[in-house]
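Peer 1: Below you'll find the structure I mean.
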Amino acid sequence: MLTPFHLAINVTDLDAARSFYGDLLGCKEGRSTDSWVDFSFFGHQLSLHLGTPFETADTGKVGAHMVAMPHFGVVLGYDNWRALADTLDAHGTDWVIPPTVRFEGEPGEQWTMFFRDPSGNPIEVKGFRDLDRVFTE
């Protein structure tokens, strides 16, 4: 049985973070103070603290793309992934990699999208039709 992970990162503006994670991504807000806020990031605990976001570099090769490392994200079932992709697209998200399928027809077939939060933190969201295939070669 999977258990929730905890990730704490810095953001530059808590109001912008609340709008992005809460309103746009639909994450439920938890505890907060004047310097941090917790969200249920698709069932995982994401703590956003005021501060300088971590440095990233486009060193991760994903297909033909180079993506920011480090980055974080979540794996969703395809229907939830598609709904989130549609919401982000309708919102005019500035995509790093727009919603796309990778490894089509292969055992590890997956959908992915890369984008950044308002503080520049890179996020990848993957979608699988069968979550039992997340670790399939």
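The values are calculated or read from the model by the stated rules, or taken from the named source; none is laboratory data. Just so it is clear, the model here is predicted, and its values are computed rather than measured. Ideal geometry is used to build each Cβ from the backbone, glycine not excepted, and the neighbour counts take in all protein chains shown.
Peer 1: Select from segment 89-117 the residues that are aliphatic (A, V, I, L, M) and out of contact with any helix residue (DSSP H, G or I) (no Cβ under 7 Å at 6 or more places or on another chain) and write down the one among them that is nearest to residue 58 (Cα to Cα).
Peer 2: Out of the qualifying residues, it is 96.
Peer 1: Assigned by TED's automatic domain parsing to the domain that holds residue 131 and either surrounded by 12 or more Cβ atoms within 10 Å (Cβ to Cβ) or outside any strand (DSSP E or B) (or both): is that true of residue 79 in this structure? Before the answer, list the steps.
Peer 2: Details: assigned by TED's automatic domain parsing to the domain that holds residue 131: yes; either surrounded by 12 or more Cβ atoms within 10 Å (Cβ to Cβ) or outside any strand (DSSP E or B) (or both): yes.
Yes, satisfied.
Peer 1: Also, I was wondering about something else. Under 6 Å between Cβ atoms, which residue pairs at least 6 apart in sequence (or on different chains) link something in segment 103-128 that is in contact (Cβ under 8 Å) with a residue 60 or more places away in the chain with a partner that is β-branched (Val, Ile, Thr) and surrounded by fewer than 20 Cβ atoms within 10 Å (Cβ to Cβ)?
Peer 2: Listed by first residue and then by second, the contacts come to 119/12; 121/9; 122/56.
Peer 1: Is it the case that residue 84 is in a strand (DSSP E or B), in contact (Cβ under 8 Å) with a residue 40 or more places away in the chain and in the same structural domain as residue 108 (by TED's automatic domain parsing)? If you could, list the steps in order and put the result at the bottom.
Peer 2: Numbers: in a strand (DSSP E or B): no; in contact (Cβ under 8 Å) with a residue 40 or more places away in the chain: yes; in the same structural domain as residue 108 (by TED's automatic domain parsing): yes.
So residue 84 does not fit the description; no.
Peer 1: Residues that are free of Cβ contacts under 8 Å to residues at least 24 places away in the same chain: find the strands (runs of 3 or more DSSP E) completely inside segment 1-68 holding 2 or more of those.
Peer 2: By residue number, 28-32, 36-41, 57-62.
Peer 1: Let me ask you something else. Residue by residue through segment 41-70, note down the ones that are surrounded by fewer than 16 Cβ atoms within 10 Å (Cβ to Cβ) and among the small types (Gly, Ala, Ser).
Peer 2: Listed by number, the residues that qualify are 43, 51, 57, 63, 64.
Peer 1: Right, here's the next one. With (1) in contact with a Phe, Trp or Tyr (Cβ under 6 Å, 6 or more places away or on another chain); (2) at pLDDT 95 or above; (3) basic (Lys, Arg) as the list, and residue 129 as the residue in question, which single condition is left unmet?
Peer 2: (2)
Peer 1: Is segment 93-107 home to any residue that is of a type in the set (A, V, I, L, M), within 20 Å of residue 11 (Cα to Cα) and surrounded by 14 or more Cβ atoms within 10 Å (Cβ to Cβ)?
Peer 2: yes
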